[in-house]
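Q: Structure provided below as C-alpha cells; questions to follow.
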Amino acid sequence: MGTPKVFESEYRFCLILWEREPVRSSELVALCRERLGWKPTTTYTVIKRLAERGVLVNENSVVRSLVSRDEVQSAEAGELVGKKFGGSLPAFISAFARAKPLSGAELDEVQRMIDDYRRGLEHD
C-alpha cells in the first residue's frame, strides 16, 4: 500500500510527535499551541485525520506514530522525483546541485551513499 501522504502542516505536527512519542494528546495540544500557534481543536482534528490515514494511533489519549520520519521523507522525495523529473533521479540531482552547490563534505557523503547502494546490489 505504501506510506500515507502527509501534507505540510501535518508534517510540522509529525516533527513534534516524532520528537516526543509516545506522548499524551494533551501535551501535543500544548506543544502545537506553543510551536505552531494552533488552537486545541486544530490539533485534535489533525490527530484524528492522521489516525484515519494510518500515520499515527491514538490509544487512551496516548499518541504514537505508525510511520517514521524517514518513511515520510522517502515517500515525499519519490513523489517529487516522479512528478517533477519524470522519475529521473539524475535529473533531480542535477537540478538540485544547480540550485544549491554541494560542499566537498556533502559530495563525499553522496558518494558514500552511492557506494553503499552499489555494494548492496552486488550482494543481492
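Q: Quick one: W38 ticks every box in (1) without any contact (Cβ under 8 Å) to a residue 60 or more places away in the chain; (2) assigned to a helix (DSSP H, G or I) bar one, so which box is it?
A: (2)
Q: Right, something else. Which residue, of R49, R64, R53, is among the basic types (K, R), touching a Leu at 6+ places or on another chain (Cβ under 8 Å) and farther than 30 Å from F96 by Cα?
A: Details: R49 fails: touching a Leu at 6+ places or on another chain (Cβ under 8 Å); R53 fails: touching a Leu at 6+ places or on another chain (Cβ under 8 Å).
The conditions single out R64.
Q: What single numbered condition from (1) among the basic types (K, R); (2) within 13 Å of P4 (Cα to Cα); (3) over 19 Å from the mean Cα position of the chain (by Cα) fails to hold for R69?
A: (3)
Q: Being more than 17 Å from R20 (Cα to Cα) and touching a helix residue (DSSP H, G or I) at 6+ places or on another chain (Cβ under 8 Å) is the filter here, so list the residues in region 44-71 that pass it.
A: Matches in region 44-71: R49 only.
Q: Also, I was wondering about something else. Does region 24-33 hold any residues that are in contact with a Lys or Arg (Cβ under 8 Å, 6 or more places away or on another chain) and among the hydrophobic types (A, V, I, L, M, F, W, C), and which are they? Before you say what the answer is, go through the steps one by one.
A: First, the residues of region 24-33 that are in contact with a Lys or Arg (Cβ under 8 Å, 6 or more places away or on another chain): 27-28, 31, 33.
Once the filter is applied, which keeps residues that are in contact with a Lys or Arg (Cβ under 8 Å, 6 or more places away or on another chain) and among the hydrophobic types (A, V, I, L, M, F, W, C), region 24-33 yields L28, L31.
Q: Quick check on region 5-26. Is at least one of its residues in contact with a Ser or Thr (Cβ under 9 Å, 6 or more places away or on another chain), assigned to a helix (DSSP H, G or I), among the β-branched types (V, I, T) and modelled with pLDDT of 95 or more?
A: Within region 5-26, not a single residue is in contact with a Ser or Thr (Cβ under 9 Å, 6 or more places away or on another chain), assigned to a helix (DSSP H, G or I), among the β-branched types (V, I, T) and modelled with pLDDT of 95 or more.
Q: Restricting attention to region 83-101, which residues are surrounded by 10 or more Cβ atoms within 10 Å (Cβ to Cβ) and in a helix (DSSP H, G or I)? Let's see the steps before the verdict.
A: Narrowing region 83-101 to residues surrounded by 10 or more Cβ atoms within 10 Å (Cβ to Cβ): 84-85, 87-89, 91-97.
K84, L89, A91, F92, I93, S94, A95, F96, A97 - these are the residues of region 83-101 that are surrounded by 10 or more Cβ atoms within 10 Å (Cβ to Cβ) and in a helix (DSSP H, G or I).
Q: Here's another thing I want to ask about it. Give region 48-64 a look and list any residue that's among the acidic types (D, E) and not in a strand (DSSP E or B), or say none. Can you show your working first?
A: Step one: list which residues in region 48-64 are among the acidic types (D, E), which gives 52, 59.
Result: E52, single match.
Q: Next question, about the same structure. Among the candidates E71, E10, single out the residue that is charged (D, E, K, R), under 30 Å from I114 (Cβ atoms), in contact (Cβ under 8 Å) with a residue 12 or more places away in the chain and buried (at least 16 other Cβ atoms within 10 Å of the Cβ).
A: Values: E10 fails: under 30 Å from I114 (Cβ atoms).
Sole residue among the options that is charged (D, E, K, R), under 30 Å from I114 (Cβ atoms), in contact (Cβ under 8 Å) with a residue 12 or more places away in the chain and buried (at least 16 other Cβ atoms within 10 Å of the Cβ): E71.
Q: Taking the criterion of being acidic (D, E), closer than 29 Å to L17 by Cα and not assigned by TED's automatic domain parsing to the domain that holds E19, would at least one residue in region 75-88 satisfy it?
A: In the first step, residues of region 75-88 are kept if they are acidic (D, E); the result is 76, 79.
So of that shortlist, the ones also closer than 29 Å to L17 by Cα come out as 76, 79.
In the following step, the residues that additionally are not assigned by TED's automatic domain parsing to the domain that holds E19 were identified as 76, 79.
Looking through region 75-88, at least one residue is acidic (D, E), closer than 29 Å to L17 by Cα and not assigned by TED's automatic domain parsing to the domain that holds E19.
The values are calculated or read from the model by the stated rules, or taken from the named source; none is laboratory data. Since the structure is predicted, the reported quantities are computational estimates derived from the model, not experimental observations. Heads up, the Cβs are rebuilt from the backbone with ideal geometry, glycines too, and the neighbour counts pull from every protein chain shown.
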